[in-house]
Amino acid sequence: MDIATKAIVLPTTITGSLPRPGWYTENLRGRPFRVAMADRNYREQYLDAVSCLIRDQERAGLDIVTDGDNRFDTDVGGRSWVSYVVQRLQGFSGYETSRGHAAWGGSVPGEIMYEVLEARVLPRVTGQVGPGPLEYAQLWRSAQQMTGKPVKFGSISADCLESIVGNDYYPDRRELVLDLCDVMHAEFARLADAGCRVLQIEEPWVHRFEHHKEDSAMTMEFYVDAFNRSVRGLRRRLELWCHTCWGNPAQQRFYDAARSYAPALEHMNELDVDVLTFECASTGGMDLEAIGRRITRPKIAIGVIDHRALQVERPEAVAALIRKALGCIPAERLCVSTDCGFGREGMSRRHAFYKMVALVRGTNIVRKELGLPEAPIPATESRFALADEA
C-alpha cells in the first residue's frame, strides 16, 4: 500500500543503519529489548541515540527516516544484523565452532573478510524454530514517537537467515526456511498492528541465487514463494519495501566485482512488495535499463550513495545518476536511497551525515529541473553556519 511515498515524487530515504554516536557504549548482549530498557544507562543511551540519528536525518532533509538500527550491538562486521534475531528465537542454541564458514568466497587468514566471517559465531539450529522476543513493535514505537515523518523499520529476511546459520536439526532446508518465514511473518504482523507505516525486508536470496548455482537444494521459484509467504497480507496494512544489495560486512563487498541483477529481475518482479531497492551508486547504474524494463510491479528505489566509500558524493553526481534512472523509470515510480546501510564501524557519523545531505541536495537538483517542490535541508542554511560572514 502506498503510504509514505504516495504524495511525494522522488522520495528520499536511507537503507537503515547509521554509525553510533561515540558516547553510545551500551549493548543488548542478547537481552530482550524491554528487559534492557529497565537498565537506566541502556535506556538513556538508546533513546538519546535514536533521537540524535532521527534528527540528523531530518536536518539532512530526508522524507522517510529510520531508527539507525540502534538495537544492533557493536559486533565485528555488523554481525548483529543476523544475531539479533537468532539469539532470540526458539530452536537456536550453542554457536558456530567450525572455521569453514570463515573461508566463504575464498577468504583466507590475513584478509579482512576472513576476520569478519570468523567473528560470525552465531547460534545453530538445534530444534524446531519458534517465536521469541524480537519486539519489533516496541522498537518502532520508541523511534516513531520522536518524529512526524514515517520511520521505516528494517529486518533481515527469513531466507537470508537460513543461508547464514548452521543447521543441525532440519533434514530438509526448505522446511527450515518455511518455518522461519512463518515466525517472521507473525512478527511483521505485530509491527503492522502497532501502526508502523513502512516495513523493509532485507536481502531476500532471490537476487543472489544466480551467483550461488552450487546450491542445488533450492530454486529461484522457491525463494520467491518463501519471501511472499513471509509478507503475505502485509501490503494491505503498510508500505512494504524490499532492500537488495551485494553485501556490506565492515563496508566490504562479498564478491570481487560488481554483480548484475539482470539474471534475477524477472523473479524479483514477482516479490509481493511496494518498493524494491537496488544497489546502483557503486556500479554506476549499470543495470538501470534492465531494471526499468523488467521491474513493472513495485516502485523502484535506486542507491545513489556508496556505503563503502568515505568520499562524500557531490550533489551533481547524485543528480546525474537520478537523471540516468529517469531515462528508464518514470519519476512517479522512482525513489532515492543509499546502496546499503552505513554500518556501525566502517565510517564516522560525520561521513554518513554529509552523504545523506548530498543525497537530498542531488535529488533537489532534479526536482527543480522537473518543476517539483524541493525538500528543505536545514543543514544547508548558511545563516546557521558558525563562521560569521566577512
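Bear in mind these aren't lab numbers, they're just calculated from the coordinates by the rules spelled out. A quick note: this is a predicted structure, and the numbers were derived from the prediction, not measured. For neighbour counting, all protein chains shown are included, and Cβ atoms are generated from backbone atoms with ideal geometry for every residue, glycine included.
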**Prompt:** Which of rounded, prolate, oblate describes the range 211-295, given a ≥ b ≥ c as roots of the alpha-carbon gyration tensor eigenvalues and a/c under 1.5 marking rounded, otherwise prolate only if a/b is larger than b/c?
**Reply:** prolate
**Complete:** Among beta bridges assigned by DSSP with both residues in the chain, the antiparallel ones amount in percent, to the nearest 5, to 10 percent
**Asked** Among the trypsin sites (Lys or Arg not before Pro) within the range 7-52, which fall in a DSSP loop and have no more than 16 other Cβ atoms within 10 Å of their own Cβ?
**Response** Arg29
**Request:** Hand me the trypsin sites (Lys or Arg not before Pro) from the range 150-228 located in a DSSP loop with no more than 10 other Cβ atoms within 10 Å, in residue order please.
**Result:** Lys213
**Item:** Total lysine pairs whose alpha carbons fall under 28 Å of each other in the chain (8 or more apart, or interchain)
**Value:** 19
**Prompt:** Between Leu386 and Ala317, what is the FRET efficiency for a Förster distance of 35 Å, r being their Cβ-Cβ separation, to the nearest 0.05?
**Reply:** 0.85
**Prompt:** Counting pairs of alpha carbon atoms under 8 Å apart in space and at least six apart in sequence, what relative contact order in percent does the range 33-381 give?
**Reply:** 16 percent
**Fill in**
Toy charge model, Lys and Arg Cβ at +1, Asp and Glu Cβ at -1: the chain dipole around Cα centroid in debye, rounded to 20, equals 800 debye
**Item:** Phi-based couplings in Hz for the range 334-340 (Karplus 6.51, -1.76, 1.60; Gly and Pro marked x)
**Value:** 10, 10, 10, 9, 9, 4, 7
**Asked** Among the chymotrypsin sites (Phe, Trp or Tyr not before Pro) within the range 91-149, which fall in a DSSP loop and have no more than 16 other Cβ atoms within 10 Å of their own Cβ?
**Response** Tyr95
**Fill in**
Env charge @ Ser282, Cβ radius under 12 Å, K,R +1 / D,E -1, value -2
**Message:** Applying a 10 Å radius around every beta-carbon, put 364-376, 237-249 in order of their mean neighbour count, most first.
**Reply:** 237-249, 364-376
**Complete:** Counting Lys and Arg as +1 and Asp and Glu as -1 over every other residue whose Cβ sits under 14 Å from the Cβ of Trp246, the net charge comes to -4
**Message:** Every cysteine in the chain with no other Cys Cβ under 4.7 Å from its Cβ, please list them in numeric order.
**Reply:** Cys52, Cys160, Cys181, Cys196, Cys242, Cys280, Cys328, Cys335
**Prompt:** Quick one: Kirkwood hydrodynamic radius for the range 33-381, alpha-carbon pairs, angstrom, one decimal?
**Reply:** 20.8 Å
